[in-house]
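Presented below is the structure to which this report refers.
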Amino acid sequence: MNRLAYQSNFHSIRTRRQFLAFTGIGMAALLAPSFAGATSVWRQLAAARNSVGDAAVLEEGLQLTLPLVAEDGSSVPLSIKSNTPSRITRLELFAPANPTPEVAVFEFGPEIQSVNLTTRIRLSESQTVIAVAHTEDGKAVVAERPVRVTVSGCVAPAKSDPSAEMKARVRTPKSWAAGTSAEVLTMISHPMVTGLAEDASGSTPPTRIIEKFEATLNGQPVLQARYFRSLAANPYLKFEVAPRHEGELQFRWIEDTGRSVEHTEPVVLG
Amino acid sequence: MSHIELVLWAGLAIGLIFGACGQATGFCLHRGLVQRWSARGGYKLQSFALALAVALLGTQLLAVMGLVDLSKSLYLMPGYSWLLLPVGGLLFGYGMGMANGCGARALVLLGSGNLRSLVVLLCLGIAAYMTLTGVLGPLRLKLSELTTVNPALLSVPDGWPRFLATVVAAGVLLLFALRRTSGDSDPSGVASTTSRRADLVGGVIIGLLVVAGWFATGWIGNDDFDPLPVISLTFVAPIGDVIQYAMLATGMSLRFGIAVVAGVIVGSLVLSLLRREYRLQGFETPQQMLRYIVGGSFMGVGGALALGCSIGQGLTGLSTLSFSSMLSALAIVLGARLAWKQYHSHNAHHAA
């Protein structure tokens, strides 16, 4: 075997060992996060830990969807779907790096068999959004999703018109099938003033937000929500509900000043 | 099908037609400007003028019928930077000259196998997002904040002034577009390989696509709860979006612009295959490659600063009669002129 061939053999062994070592490290690095446990950020947030309390923690059963990169931190779409054997009674959303980490708290009546809701939230910076759901059998289901928030591509301050506030919009199906989930869309025009932002004149208007949202069917609560200032302006909530009786769905939004607005939609079982 | 899905399909259709039309007619503002400035024959500039006339008439009609709220669009935002818009326009125009065509043209060329365009598009897309949300983002925002104006008049006032402006502008553009020039008898035959009729038909189609874009996002995409951004044809951010989507699809949703860009490439590809005009092309020299890289990057940065490109501002923006769009478009043409002096006027002199 001539010298060149010998050297190239020697090289290939050297590089092959290195190659195996690198791929080994590489694969370990790729797999490591999943070994470390998919959800770990929530343990660092006191509000999330308090919400979980002593309950047994499940890390599967809640699907939290947010864009990986959000160009407009003031309105980031959030979807959450549940797939748990036991019905979810309470859901809390957190944005740990926001000035107010609490985003919203939802409580569900028996007409909501599984959670499937969509809303829009505010994120002040890149962070991991956390969802904690409590099931009827006393367990806590946790889901996390990291979101990168970039600067806004276009700087366009929304002009808020006080006369256009507190206008509610609701869309419900024309006919419902008893016990079958259908989508309800709700929105109310409101600036959700954080109390942290300067307006055009340079002053900082105090916090003023929609604090509560209630949906009741024939007087029985279907969904009750507590909103915080981490919810995006013009609070939007799409959720699924499966009514068992005919009647009236009544929606109510209450501002932290006490002002409220109501809207009613009939439920006709087809 | 949700309104969002409908808008995406509409975007794909619009892109397919744009790509096919661009491939068949060679629609290109840059080519038109060079034809004019180098005193070659050809009807590319007329084609662009016709597209603008059609876009203007159609868009204003949509607005006056109340079908689309143009005030929600990028071109009629309450504030803009008096510095960044023209600087961006100049940069874009110059880059367009260096790269021999804008982003839209590069998409069409890519569909016919031109790999130079692939390089231009990658540089354009990445540079655009570097400027919007990347390493140049904070600088852009700082400069923008320092130079923002909030003029009382963003566009021609509603009512009679707008009607008159639309009719007069469209009329002037049509007169220019339909006039036969002396370049009709072009002895060398080098100036244009497409007939005047093809150029004019192409212009009408492109103009109608701008109107279709407004209709898709502004009317079909209009929803009380989940409204889509009101946009039409533009090829700066969407090219960056396509690159991002290719990499982040698991955590990013499709947008109208992405559907349009995909459609343009496919439409151009299909037509070039049908017409047997598909041909792999690359760079002839490393110097040429560098020039195209810089040109594409200039277009990305410039287009992001100017809020649009030759199509985005030159057609879509101008169709809203926005004053800021007029500023951007003018700067783009000036930038192209500077690049023409540097890169294209030599050829004309050599040919003569």
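The values are calculated or read from the model by the stated rules, or taken from the named source; none is laboratory data. What you see is a predicted model, and the numbers here were worked out from it, not measured in a lab. Reconstructed Cβ throughout: ideal geometry from the backbone, glycine too, with neighbour counts over all protein chains shown.
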Checklist (1) within 15 Å of the chain's Cα centre (by Cα); (2) over 30 Å from B:F283 (Cα atoms) applied to B:M1, failing item:
(1)
Taking the conditions exactly as written (away from chain A (no Cβ under 14 Å), part of a helix (DSSP H, G or I), out of contact with any strand residue (DSSP E or B) (no Cβ under 8 Å at 6 or more places or on another chain) and in contact (Cβ under 8 Å) with a residue 40 or more places away in the chain), does B:R116 satisfy them or not?
no
State whether one or more residues within segment A:151-160 are within 21 Å of the chain's Cα centre (by Cα), at pLDDT below 90 and farther than 21 Å from A:A225 by Cβ.
yes
Take segment A:49-93 and flag every residue that is buried (at least 18 other Cβ atoms within 10 Å of the Cβ), more than 15 Å from the chain's Cα centre (by Cα) and closer than 17 Å to A:T128 by Cβ.
A:S51, A:V52
Could you give every pair whose Cβ atoms fall below 6 Å, whose first residue belongs to segment B:246-272 and is within 15 Å of B:F27 (Cβ to Cβ), and whose second residue is among the hydrophobic types (A, V, I, L, M, F, W, C) and at pLDDT below 95, counting only separations of at least 6 or pairs across chains?
none
Identify all residues within segment A:94-115 that are buried (at least 18 other Cβ atoms within 10 Å of the Cβ), within 14 Å of A:L66 (Cβ to Cβ) and of a type outside the set (A, V, I, L, M, F, W, C); write none if there are none.
A:N98
Might you check whether a residue that is basic (K, R), within 30 Å of B:W219 (Cα to Cα) and assigned to a helix (DSSP H, G or I) occurs anywhere in segment B:60-72?
yes
For segment A:161-209, give me each residue that is part of a loop (DSSP other than H, G, I, E, B), surrounded by 14 or more Cβ atoms within 10 Å (Cβ to Cβ) and within 13 Å of chain B (Cβ to nearest Cβ).
A:T172, A:S189
The lone condition A:I88 fails out of (1) in contact with a His (Cβ under 8 Å, 6 or more places away or on another chain); (2) of a type in the set (V, I, T); (3) within 14 Å of another protein chain (Cβ to nearest Cβ) is (3)
Restricting to segment B:145-167, and then to whatever is within 23 Å of the chain's Cα centre (by Cα) and in a helix (DSSP H, G or I), can you tell me which residue is farthest from the other protein chains (Cβ to nearest Cβ)?
B:V167
Any residue at all in segment B:84-94 that's within 14 Å of chain A (Cβ to nearest Cβ), within 24 Å of B:G19 (Cβ to Cβ), more than 14 Å from the chain's Cα centre (by Cα) and in a helix (DSSP H, G or I)?
no
Here are some residues: B:A237, B:A246, B:A306, B:A259. Which one is of a type outside the set (V, I, T) and either within 12 Å of chain A (Cβ to nearest Cβ) or in contact with an Asp or Glu (Cβ under 9 Å, 6 or more places away or on another chain) (or both)?
B:A237
Residues of segment A:232-262 being part of a strand (DSSP E or B) and within 14 Å of chain B (Cβ to nearest Cβ), which ones?
A:Y236, A:L237, A:K238, A:F239, A:F251
Total residues in segment A:117-138, condition more than 14 Å from every other protein chain (Cβ to nearest Cβ), in contact with a Ser or Thr (Cβ under 7 Å, 6 or more places away or on another chain) and either under 25 Å from A:L185 (Cα atoms) or buried (at least 19 other Cβ atoms within 10 Å of the Cβ) (or both):
6
Exclusive hit being of a type outside the set (A, V, I, L, M, F, W, C) and within 14 Å of another protein chain (Cβ to nearest Cβ), set B:G134, B:G111
B:G134
